[in-house]
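Chemist: One structure, as structure tokens, below. Some questions next.
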Amino acid sequence: MPTSDTEGKDDLLVIVPTRGRPQAVPELVQAWNDTGATAHLLFAVDTDDPELAAYKKHAADLKGDGRIRFTFGKRRRLVGTLNAQAVKAAKQYRYVAFMGDDHRPRPAAMPWDARIRECLSGGPGIVYGNDLLQGEAMATAVAMTSDIVTALGYMAPPTLVHLCVDLCWVDWGRGMGRITYLDDMVIEHLHPAAQKAEMDAGYEEANSEQQVSTDSAAYYDYRDNGGLDADLNRLRKLVEEAS
């Protein structure tokens with residue numbers, strides 16, 4: 001049952017920051033349909049995206065689908081966009097999730113979003129599935145209770161830009177003792193590293209030598225120099241207060 005601070009909230013929003021890949025919109029909507037998902041799906045699009053017109057056409061075409069939402073705003077890169085939307089969503093939703101525009105949920109006996117709700121219904125926590133690339137090692141797509149976002153003020157450490165956020169989510173969940181990995185809940189990551197997508201400008205930017213170096217350094221600084229410890233103190237307090 002919802003606690004008092006979740007009364008009246010919608011249950012699950014999946015945030016998808018996307019750039020330069022308008023074809024991902026109908027593909028993700030089809031994945032929602034194929035899996036019977038009822039979770040709300042938010043596409044966060046940059047207003048300077050060269051494919052903006054195509055995204056706006058998809059938004060117009062999907063206006064009648066109550067599950068699908070679009071937001072258009074200034075470019076903040078992946079982490080900045082995710083945080084901006086997640087902080088707002090945490091006021092309305094019990095659970096918030098992230099998927100890249102190259103993730104695709106796959107059909108199963110129990111819909112993936114129903115499993116997320118089931119896993120997170122017991123209080124503060126994090127859940128992720130099998131992306132068929134990193135598996136349990138990295139939460140490349142993730143869902144969490146919205147009180148985590150509210151407690152921290154973000155869904156991913158804002159010193160990061162694009163990479164290593166999946167490591168942080170595993171660190172959070174393990175550190176607060178409230179993480180679930182579902183090997184049979186497949187949210188496939190169609191990434192060039194798995195030979196499941198062609199390299200494009202987005203992948204080139206996100207996986208450039210400079211970006212790898214910058215985000216790796218930011219992650220290790222966060223992990224080793226007090227940032228993670230401070231966040232885990234807040235998250236453990238959250239768990240204590242909920243128990």
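Chemist: Which ³J(HN,Hα) values in Hz, rounded to whole numbers, follow from the phi angles of the range 125-133 under the Karplus curve 6.51 cos²θ - 1.76 cosθ + 1.60, where θ = phi - 60° and Gly and Pro get x?
Modeler: After applying 6.51 cos²θ - 1.76 cosθ + 1.60, I find x, 9, 9, 8, x, 8, 8, 6, 9 Hz.
Chemist: Quick one: check the C-alpha center-to-center distance for the range 16-32 versus the range 79-115, whole angstrom.
Modeler: Between the Cα centre of the range 16-32 and that of the range 79-115, the gap is 13 Å.
Chemist: Same structure, new question: Using the 10 angstrom Cβ neighbour count as an exposure proxy, how do ARG174, ARG94, ARG106 rank, fewest first?
Modeler: Going from sparsest to densest Cβ surroundings: ARG174, ARG106, ARG94.
Chemist: Quick one: order TYR95, TYR220 by neighbouring beta-carbon count within 10 Å, fewest to most.
Modeler: TYR220, TYR95
Chemist: Next question, about the same structure. Counting Lys and Arg as +1 and Asp and Glu as -1, each charge on the Cβ, what is the dipole of the chain about the Cα centre in debye, to the nearest 20?
Modeler: Roughly 720 debye, rounded to the nearest 20.
Chemist: Moving to a separate point now. Where does the chain land at 222 nm, in deg cm²/dmol rounded to the nearest 500, when only DSSP H runs of n ≥ 4 count, each adding -39500 (n - 2.57), divided by all residues?
Modeler: Rounded to the nearest 500, the figure is -12500 deg cm²/dmol.
Chemist: For each of TYR222, TYR203, count neighbouring Cβ atoms within 10 Å of the residue's Cβ, then give the residues from fewest to most.
Modeler: TYR203, TYR222
Chemist: Report the number of Lys pairs in the chain whose alpha-carbons are under 25 Å apart, with separation of 8 or more residues or on distinct chains.
Modeler: Counting lysine pairs in the chain gives 15.
Chemist: So for the chain, taking the charge dipole from beta-carbon charges (+1 Lys/Arg, -1 Asp/Glu), which of ALA156, LEU62, TYR203 sits furthest toward the positive end?
Modeler: LEU62
Chemist: Using volume of the Cα convex hull per residue in Å³ as the read-out, say which of (1) 116; (2) 154; (3) 133 was calculated from these coordinates.
Modeler: Only one listed value fits the structure, namely (1).
Coordinate-derived values only; no laboratory data. Fair warning: this is a prediction, and the values are worked out from it, not measured in the lab. Cβ sites come from the backbone with ideal geometry, for glycine too, and all protein chains shown count toward neighbours.
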